[in-house]
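Okay, so here's the structure we're looking at.
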Amino acid sequence: MIKRILKTSFFSVGSRGILTLINLIIMYCVSHGLGEEKLGVYSISAFIYYLFAFLTSFELTTYFGKEVAHQRDRIEEVKRLVGEISTTFIIGLGISVLILIFLLFFYHKIDTPVLLISIAGGVIFGIEKNLSGFLLGKEKMQFEFISQAAAFVIVAVPVLIWVKKLDITGIYILRIAASGVTILMRGFFVRINRYIEKVYISLKYYNWKEITFFSASGFSYFIQHHFDLFILSFLISKELEGAYFLALRIYLAVCLLAEMTSFALTPYISRIYREKEAKKMSDFHSFYKKILLVGVLLGVLASVILFFTRDILVSFFTKENPQLTSEFLFYFSFFIFFRFVSYYTGNILTSTQYQNIRFYILISSALLMMGLELLLGHFFSVMGIIYSRAVMELFIFIAYLIAIAKIRHHPLETGEPVGR
């Protein structure tokens, strides 16, 4: 069991690490090769890219990982899950068309070619993300690692060599090509042809309750990672937004270890605790205490490391506004601790039958952050955005701890018993 968890964790962190490395290389090359203003343009396009990736995936990677792990030996159920992916994509594509029309008419912060190419990249990346859930559920993350390595060769290597010739549109063309190759590879690795003989593309087979919870959680993550950039595009220059974008991406890269190791535990927790009666909660309590301890220790360590190395990290990526980026990282280094603990405690809710609680916490935090950023951003500019993020991180941290404390003492009153 421990060996399987470690293997899944290693390849989960490794594959996400490669994706993060690709993003960091792009930022490095854009900053050094195209300049801080272009980095600001890229940051705005990244918001568009991930917005449309969310719309075509609804961030259901963890949901599919959990369900495939639970249903992996039931072919008809897995076919239904493939149908859910297809249905999700069709619904998301319809919404995407409406948002595309809105952006073309009302949003003019980046040129239309960059807008369109980033949208195309996001749509395809959304398909890629949900296939990752199947690999997670089958605990074959080594194949995701291989597909991400291929994406690295397709994207990062050419960008390192020809960034000035590629410009931002060329970077997104490479990302589209990488997503296409990755989709084909992941489809082959999960033997997707076994499940598409009869795909249930129908709302009748759609698990609305579960998907709503996970999609709302995914929407919250999207807001947490990208909404800053959208608001700042109206408030500050592209050069300053580029400095903030760089700090935010370094911060999120440091969060990677907590995000992906907790993510890798999903199939294990789902298999073990979904099949237990409420009277077995004592085992769950013991496991949770260990998870919490890991989150606290890693959170403290990550905060200290980021605090003392922020100048070195910034100097590697940019020479134009290192002081500003370092100042942003100064604040982010204090947020790391809360983020680490929140990843681990939140995944406990997701992997059992309490994801509805996580849904309410995350959607509340997203709405809170959006409201605060609109208000404080207007009055305090970029510092208002940072204050808003601090409130959001603290809110999630406290809410998760309270939620799990209540579950541990009143499992039948708080939600469905673990294992139903």
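When peptides 389-396, 101-108 are ranked by their average number of other Cβ atoms within 10 Å per residue, the highest-first order is 389-396, 101-108. Residues in the chain average 41 Å² of solvent-accessible surface per residue, probe 1.4 Å, ligands and nucleic acids excluded. So what's the angle, to the nearest 10 degrees on a 0 to 90 scale, between helix 208-232 and the longest Cα principal axis of the chain? Between helix and principal axis, roughly 20 degrees. Of the solvent-accessible surface of the range 35-157, computed with a 1.4 Å probe and all protein chains present, 70% belongs to carbon and sulfur.
Test of understanding: in a Gaussian network model of the chain with alpha carbons linked when under 10 Å, which of Asp228, Asp111, Asp311 would top the mean-square fluctuation ranking? Taking springs between Cα atoms under 10 Å, the residue moving most is Asp111. Summarising the label geometry, the points placed 7 Å from Cα in the beta-carbon direction at Leu116 and Val296 lie 5.5 nm from one another.
When only DSSP loop residues count, what trypsin sites (Lys or Arg not before Pro) in the range 43-129 have their Cβ near at most 13 other Cβ atoms within 10 Å? Mind dumping the intermediate values first?
Numbers: sites: Lys66, Arg72, Arg74, Lys79, Arg80, Lys109, Lys129; in loops: Arg72, Arg74, Lys109.
Counting only loop positions with at most 13 other Cβ atoms within 10 Å, the trypsin sites (Lys or Arg not before Pro) in the range 43-129 are Arg74.
A simple spin-label model places pseudo-atoms 7 Å from Cα toward Cβ; at Ile91 and Phe380 they are separated by 3.7 nm. With everything on Cα atoms, drop me the angle between helix 238-254 and the longest principal axis of the chain, reported from 0 to 90° to the nearest 10. Tilt of helix 238-254: around 30 degrees.
Would you mind calculating the gained length between Ile173 and Asn23 on full extension (0.36 nm times residue separation, minus the Cα-Cα distance), in nm to one decimal?
On the way: separation 150, 0.36 × 150 = 54.00 nm, distance 1.45 nm.
Length gained between Ile173 and Asn23: 52.6 nm.
For helix 141-189, report the angle its Cα long axis makes with the longest principal axis of the Cα atoms of the chain; keep it between 0 and 90° and round to the nearest 10°. Its long axis makes an angle of about 10 degrees.
A simple spin-label model places pseudo-atoms 7 Å from Cα toward Cβ; at Ile312 and Arg194 they are separated by 4.7 nm.
The values are calculated or read from the model by the stated rules, or taken from the named source; none is laboratory data. Predicted, not measured: the structure shown is a model, and the values here were computed from it. Note: ideal-geometry Cβ built from the backbone for every residue, glycine included; neighbour counts use all protein chains shown. Side chains are part of the model used for accessible areas, which takes the heavy atoms of the whole protein and leaves out ligands, DNA and RNA. Shrake-Rupley method; radii C 1.70, N 1.55, O 1.52, S 1.80 Å.
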